[in-house]
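Chemist: Below you will find the structure I want to go over with you.
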Amino acid sequence: MKTLIKNGRVITAVDDYYGDILVDGEFITLIGKSLDIAADKVIDAKDKLVIPGGIDAHTHMDMPFGGTTSADDFRTGTLAAAHGGTTTIIDFAIQTKGTSIVDALDTWHSKAQGKASIDYAFHMIVTDLSKAEHLEEVKRLIDREGVTSFKMFMAYPGVLLVDDATIFRAMSLAGARGGLICMHAENGVVINEIIRQALAEGRTAPKFHALTRPTKAEAEGVNRSIALAEMAESPVYIVHLSCHDALKKVKEARDNGIPAFAETCPQYLFLDYSYYEKENFEGAKYVMTPPLREKWNQDELWTGLKMNDLQLVSTDHCPFCFKEQKELGRDDFSKIPNGAPGVENRMSLIYNGGVAQGRISVNRFVEITSTSAAKIFGLFPRKGTIAVGSDADIVIFDPKKKMTISAKNHHMNVDYNSYEGMEVVGVTDTVLSRGKLVIENGKYVGKAGDGQFLKRSTVQLR
Ligand code: URP
Ligand code: ZN
Ligand code: ZN
């Protein structure tokens, strides 16, 4: 099958030109001006941007968490992602304490098998490295299974939290082999103490989720993560960075030449603490960790993105329905499942808030939504760019089209949208995933099971 994409404005992290792209099978095979070549399908991309498919490096599909399971599975979640212009997700498998890491990977392979409309890869959440077998399993994941990044938690004591010795052990081991430790950086031990006091005083409403997780607790976690990584001589990647206090720690490290990387998420760029004040328990929709912060932090995060102290934007898509799932915490904020939806809206939100509102260039938009993730997580140049030989993961993006984000028109399997009513300019029109049409003029034309598992190589940015 040959597809010719004509007349588009092709944007990568470094290029900006008008040209035609020939896709043959799964790959981009030719790029040029006014290509006059027979093809099975011709797509006219006039007045549109032609960009590399988005890579969302942080999703949680079908994940047991907080006494329930995230509402999107690999079928609904990847379909929604495709609608929004994302063609690769990197999802989190979980090793629960006392179990095998390889078994956890098998479980996540089964969850995704036959369901995904777009390509996917896995990070592994590691909660137990107490045995020699666990260390061998980490090596096996990096060397043979294509799972080269590992998330560790400084939060959620008793469930996911690991101690500093375990983090240091993982960093030393993974770092020496080109693997990457992704840190959920928050001082969960102190946070739990603050939560205990709040509940004892009868403060149970959703807003206390935010008020019991101060920015200093995140900054301390980031600072400690970086110090541990430095001692282990390994790079470190901070996930879902939410605030200026934490960003300052990353910036300071990077200014000193330390290989510290970080992502932020749309929720921290567009939403703020005031959302927790919504009536009728609606604040629960925004209970995520780290929590939404005071609004002034948003400008600092945009500056961080512009200046490359933050390398990318991923969603931390972890949806729970308001009805029945968020409601588990009606009488106690600490029982509200932590997480929020977003995989479908990331590209439009960042284009709108970033490019349309003049904060970042269109090249930087591509870099922070696709290219940097590919480089950091070992997928470049197969993914993350438009080049001859790369996978034909291509998004035809209408930079003038407007849409109003709403649960009424989204495809995520969740009964609310965090950005309800927000008008954005910049909408995904057509999506190819490894050469196959998945979205055509806004309509899903893909097939569950066409998405493949991606074995990743080791860290490519240092
Ligand atoms: O609230 C969140 N972020 N839920 C997902 C789990 C995590 O920590 O990323
Ligand atoms: Zn986390
Ligand atoms: Zn997450």
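Chemist: If you check Val366, Val355, Val395, which single one turns out to be touching a residue at least 24 places away in the same chain (Cβ under 8 Å), in a strand (DSSP E or B) and either within 21 Å of the chain's Cα centre (by Cα) or within 19 Å of His58 (Cβ to Cβ) (or both)?
Modeler: That would be Val395, the only listed residue that is touching a residue at least 24 places away in the same chain (Cβ under 8 Å), in a strand (DSSP E or B) and either within 21 Å of the chain's Cα centre (by Cα) or within 19 Å of His58 (Cβ to Cβ) (or both).
Chemist: Quickly run through the range 400-428 and pick out the residues that are over 21 Å from the mean Cα position of the chain (by Cα) and either assigned by TED's automatic domain parsing to the domain that holds Leu349 or farther than 18 Å from Asp72 by Cβ (or both).
Modeler: Lys400, Lys401, Lys402, Met403, Thr404, Gly421, Glu423, Val425
Chemist: Among (1) away from ligand 3 (no atom under 16 Å from the Cβ); (2) in contact with a Ser or Thr (Cβ under 9 Å, 6 or more places away or on another chain); (3) under 27 Å from His410 (Cβ atoms); (4) in a helix (DSSP H, G or I), there is one condition Glu324 misses while meeting the rest; what is its number?
Modeler: Going through the list (1) away from ligand 3 (no atom under 16 Å from the Cβ); (2) in contact with a Ser or Thr (Cβ under 9 Å, 6 or more places away or on another chain); (3) under 27 Å from His410 (Cβ atoms); (4) in a helix (DSSP H, G or I), Glu324 breaks only (4).
Chemist: Filtering the range 418-449 down to residues that are part of a loop (DSSP other than H, G, I, E, B) and among the polar types (S, T, N, Q), which residue is farthest from Pro291 (Cα to Cα)?
Modeler: Asn441
Chemist: Here's another thing I want to ask about it. (1) within 16 Å of ligand 2 (Cβ to nearest atom); (2) of a type in the set (A, V, I, L, M, F, W, C); (3) not in a strand (DSSP E or B): which one isn't true of Ala93, the others all being true?
Modeler: Answer for Ala93: the failing condition is (3).
Chemist: Would you mind stating whether Gly66 is crowded, with 21+ Cβ neighbours inside 10 Å and under 27 Å from Gln311 (Cα atoms)?
Modeler: Working: crowded, with 21+ Cβ neighbours inside 10 Å: yes; under 27 Å from Gln311 (Cα atoms): no.
No; evaluated as a whole, the condition is false for this residue.
Chemist: Among the numbered criteria (1) free of Cβ contacts under 8 Å to residues at least 60 places away in the same chain; (2) within 16 Å of ligand 3 (Cβ to nearest atom); (3) of a type in the set (Gly, Ala, Ser), which single criterion is violated by Ala155?
Modeler: In the conditions (1) free of Cβ contacts under 8 Å to residues at least 60 places away in the same chain; (2) within 16 Å of ligand 3 (Cβ to nearest atom); (3) of a type in the set (Gly, Ala, Ser), Ala155 misses (1) alone.
Chemist: Only one residue in Thr78, Thr87, Thr29 is touching a Leu at 6+ places or on another chain (Cβ under 9 Å), among the hydroxyl-bearing types (Ser, Thr, Tyr) and under 22 Å from Cys265 (Cβ atoms), so which one is that?
Modeler: When all the criteria are applied, what remains is Thr87.
Chemist: Could you go through the range 139-151 and let me know if any residue there is among the charged types (D, E, K, R) and within 16 Å of ligand 3 (Cβ to nearest atom).
Modeler: The answer is yes; a qualifying residue exists.
Chemist: Further question: Output the helices (runs of 4 or more DSSP H) that fall wholly within the range 209-305 and possess 3 or more residues being touching a strand residue (DSSP E or B) at 6+ places or on another chain (Cβ under 7 Å), or say none.
Modeler: Details: elements: 215-232, 244-255, 266-270.
Of the helices (runs of 4 or more DSSP H) lying wholly inside the range 209-305, those with at least 3 residues that are touching a strand residue (DSSP E or B) at 6+ places or on another chain (Cβ under 7 Å) span 215-232, 244-255.
Chemist: Considering each of Ala262, Ala284, Ala356 in turn, give the residue that is within 16 Å of ligand 1 (Cβ to nearest atom), within 25 Å of Thr87 (Cβ to Cβ), not assigned by TED's automatic domain parsing to the domain that holds Val424 and not charged (D, E, K, R). Outline the logic, then answer.
Modeler: On the way: Ala284 fails: within 25 Å of Thr87 (Cβ to Cβ); Ala356 fails: within 16 Å of ligand 1 (Cβ to nearest atom).
That would be Ala262, the only listed residue that is within 16 Å of ligand 1 (Cβ to nearest atom), within 25 Å of Thr87 (Cβ to Cβ), not assigned by TED's automatic domain parsing to the domain that holds Val424 and not charged (D, E, K, R).
Chemist: Moving on. Could you list all residues from the range 309-320 that are over 25 Å from Pro337 (Cβ atoms) and in contact with a Lys or Arg (Cβ under 8 Å, 6 or more places away or on another chain)?
Modeler: Within the range 309-320, just Asp309 meets the criteria.
Chemist: Pick from the range 288-325 the residues that are closer than 23 Å to Thr78 by Cα and of a type in the set (A, V, I, L, M, F, W, C): which of them is surrounded by the fewest Cβ atoms within 10 Å (Cβ to Cβ)?
Modeler: Phe322
Chemist: Quick one: count up the residues across the range 165-196 that are touching a residue at least 40 places away in the same chain (Cβ under 8 Å) and within 16 Å of ligand 3 (Cβ to nearest atom).
Modeler: Residues that pass the stated criteria total 7.
Residue-wise test of (1) in contact with a His (Cβ under 9 Å, 6 or more places away or on another chain); (2) more than 16 Å from ligand 2 (Cβ to nearest atom).
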{"site": "Ala210", "(1), (2)": "no, no"}
{"site": "Arg213", "(1), (2)": "no, no"}
{"site": "Lys216", "(1), (2)": "no, yes"}
{"site": "Gly221", "(1), (2)": "yes, no"}
{"site": "Ser234", "(1), (2)": "no, yes"}
{"site": "Val239", "(1), (2)": "yes, no"}
{"site": "Ser242", "(1), (2)": "no, no"}
{"site": "Leu247", "(1), (2)": "no, yes"}
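Chemist: Could you list, in sequence order, the residues of the range 413-443 that are surrounded by fewer than 22 Cβ atoms within 10 Å (Cβ to Cβ), within 18 Å of Asp44 (Cα to Cα) and not β-branched (Val, Ile, Thr)?
Modeler: Asp429, Gly435, Lys436, Leu437, Glu440, Asn441, Gly442, Lys443
Chemist: Taking the conditions exactly as written (away from ligand 2 (no atom under 16 Å from the Cβ) and of a type in the set (Val, Ile, Thr)), does Thr148 satisfy them or not?
Modeler: Values: away from ligand 2 (no atom under 16 Å from the Cβ): yes; of a type in the set (Val, Ile, Thr): yes.
In short, yes.
Chemist: If the requirement is being of a type in the set (S, T, N, Q) and surrounded by fewer than 24 Cβ atoms within 10 Å (Cβ to Cβ), which of these qualifies: Thr99, Thr88?
Modeler: Every option except Thr99 fails the conditions.
Chemist: Also, I was wondering about something else. Can you list residue pairs whose Cβ atoms sit under 9 Å apart, with the first residue in the range 225-242 being in the same structural domain as Leu312 (by TED's automatic domain parsing) and away from ligand 3 (no atom under 16 Å from the Cβ) and the second being of a type in the set (Lys, Arg) and part of a helix (DSSP H, G or I)? Count only pairs 6 or more apart in sequence or on different chains.
Modeler: Matching pairs, first to second residue: Ile226/Lys249; Ala232/Arg169.
Chemist: Take the residues in the range 369-381 that are touching a residue at least 24 places away in the same chain (Cβ under 8 Å) and not in a helix (DSSP H, G or I), then tell me which one is surrounded by the most Cβ atoms within 10 Å (Cβ to Cβ).
Modeler: Among them, the one singled out is Phe377.
Chemist: I've got another one for you. For the range 100-123, give me each residue that is within 14 Å of Asp62 (Cα to Cα) and part of a strand (DSSP E or B).
Modeler: Passing the criteria: Tyr120, Phe122.
Chemist: Looking for something within 14 Å of ligand 2 (Cβ to nearest atom) and either in a loop (DSSP other than H, G, I, E, B) or not assigned by TED's automatic domain parsing to the domain that holds Ala81 (or both) - is there at least one such residue anywhere in the range 174-186? Walk me through it before giving the result.
Modeler: First, pick out the residues of the range 174-186 that are within 14 Å of ligand 2 (Cβ to nearest atom): 181-186.
Those left that are additionally either in a loop (DSSP other than H, G, I, E, B) or not assigned by TED's automatic domain parsing to the domain that holds Ala81 (or both): 185-186.
Yes, the range 174-186 contains at least one residue that is within 14 Å of ligand 2 (Cβ to nearest atom) and either in a loop (DSSP other than H, G, I, E, B) or not assigned by TED's automatic domain parsing to the domain that holds Ala81 (or both).
The values are calculated or read from the model by the stated rules, or taken from the named source; none is laboratory data. Worth saying up front: this structure is predicted, and the values here are computed from it rather than measured. All Cβ positions, glycine included, derive from the backbone under ideal geometry; neighbour counts span all protein chains shown.
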